[in-house]
1. Using just the helices of the chain, give the 222 nm mean residue ellipticity in deg cm²/dmol: DSSP H runs with n ≥ 4 each add -39,500 (n - 2.57), and the total is spread over all residues, rounded to 500.
2. Round to the nearest 10 and give me the degree value, 0 to 90, for the angle of helix 305-315's Cα axis relative to the longest principal axis of the chain.
3. Using 0.36 nm times the number of residues separating Asp71 and Leu119, minus their current alpha carbon distance, what extension gain do you get?
4. In degrees between 0 and 90, to the nearest 10, how far off the longest principal axis of the chain does helix 231-240 point, with axes built from Cα atoms?
5. For the chain, build the charge dipole from Cβ charges (+1 Lys, Arg; -1 Asp, Glu) around the Cα centre, then report which of Gly264, Leu135, Pro225 sits farthest towards its positive end.
6. Suppose each label sits 7 Å from its Cα in the direction of the beta carbon; what would the Arg37-Met258 distance come out to in nanometres?
7. Treat each spin label as a single point 7 Å out from the Cα along the C-beta direction, and report the His87 to Ala213 distance in nm.
8. With a 1.4 Å probe and every protein chain left in place, work out the accessible area per residue of segment 129-350 in Å², rounded to a whole number.
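The values are calculated or read from the model by the stated rules, or taken from the named source; none is laboratory data. Please read all numbers here as calculations on a predicted model, not as lab measurements. Positions of Cβ are backbone-derived with ideal geometry, glycine not excepted, and every protein chain shown enters the neighbour counts. All accessible areas refer to the heavy atoms of the entire protein, side chains included, with ligands and DNA or RNA removed. Shrake-Rupley method; radii C 1.70, N 1.55, O 1.52, S 1.80 Å.
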Amino acid sequence: MTATISAIEAILVDLPTIRAHQLAMTTMQQQTLVIVRLRCSDGVEGMGEATTIGGLSYGEESPESIKLTIDTYLAPALVGQDASNVHGAMARLNKVARGNRFAKSALESAMLDAQGKRLGVPLATLLGGAVRDTLPVLWTLASGDTGRDIEEAEGLLEQRRHNTFKLKIGRRSVRDDVAHVSAIKRALGDRARVTVDVNQAWNEAEAAVGIAALEAAGIDLIEQPTPREHRAALARLAARFVVPIMADEAVTGPEDAMELARLGAADVFALKIAKSGGIFGMLRTAAVGDAAGIALYGGTMLEGAVGTIAAAHGFCTLPQLAWGTELFGPLLVKDDIVTERPVFKDFALHLPQGPGLGLAIDEDKLAHYRRKV
Ligand code: MUC
Ligand code: MG
């Protein structure tokens, strides 16, 4: 008999970060995960995660709104449905709710985790198979202090944990940001790649000045310099500079990807399962990038282990992933709610090999870190 979905629980989990994480729009002192537990009539349980950055400062869904959306609208639409028909379930969710991609992504991951466990195969195998079992992972330097960032990078190079560093800029003046980035690049030299993420903070004129200086300083990639809606500005910047421009906030699903490709607005797409409404949405976005000759990068919403590993299974199946990934979220939090935390070594994340996500919930940790009120 076909298994059906019997219950769905969305749990807010507050985890402390190892240090403050400064971005253009917020400073994170902790990270809140929305963990989904999806129980099925055959006893199989799947888990998923929806996480954002800084409440509502990054996207249109907050952890609290994701939980409310799942509890009130999405879970009731799934309970009683065939647990092994993921496309059918997602079509149903897209009928009952517009948008809310982060919430939908968590549910899709949980269904895929359950189905993988049911069939005894890793999630990547369900997707057609992995073409790699490790993913290069960069680290974001965002302590807010240049000296401390350099020290952090030196330590991570020494440990062979990361050899690419992304700097979060856009909070200060262009001049101060350029000085900060250039100092870090000078200190690290050819031993590391350095990229920047402006998180939409510059207007086009600021971006032109900033990118010219960053290009001269040897920076390898410029992520989302201008507001997501200003596609023509991004296209002009991409045409003007040799250093590649990456779209992040501007590219959510395949439709955005299509339009950016048509405009020639980006050299690289940052893919994220959350903003594409799940792994399949991310794969469709990637396919448009492939068709347009745009390089791909595996992005993060700074998820913990569950969301990170869900994304990793998807990224491991992509034919090309020229810019590697930034799946370092599990390393930014002090602790997590799984029994075995993801393995990062030799500059890469190693994909777990067990069925589904290949992760198990640590019930004591979940009880400890779940939000009590
Ligand atoms: C973003 O905008 O890319 C990724 C790494 C990081 O530090 O923040 C995120 C979000
Ligand atoms: Mg970004």
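1. Values: 14 runs with 142 residues, N = 373.
After summing the helix terms and dividing by residue count, I get -11000 deg cm²/dmol.
2. Long axis of 305-315 versus the principal axis of the chain: about 80 degrees.
3. On the way: separation 48, 0.36 × 48 = 17.28 nm, distance 2.75 nm.
So the chain would gain 14.5 nm between Asp71 and Leu119.
4. Between the helix axis and the principal axis of the chain, the angle is about 50 degrees.
5. Gly264
6. About 4.1 nm, to one decimal.
7. Once both label points are built, they end up 5.1 nm from each other.
8. Working: 7900 Å² over 222 residues.
Dividing the accessible area of segment 129-350 by its residue count gives 36 Å².
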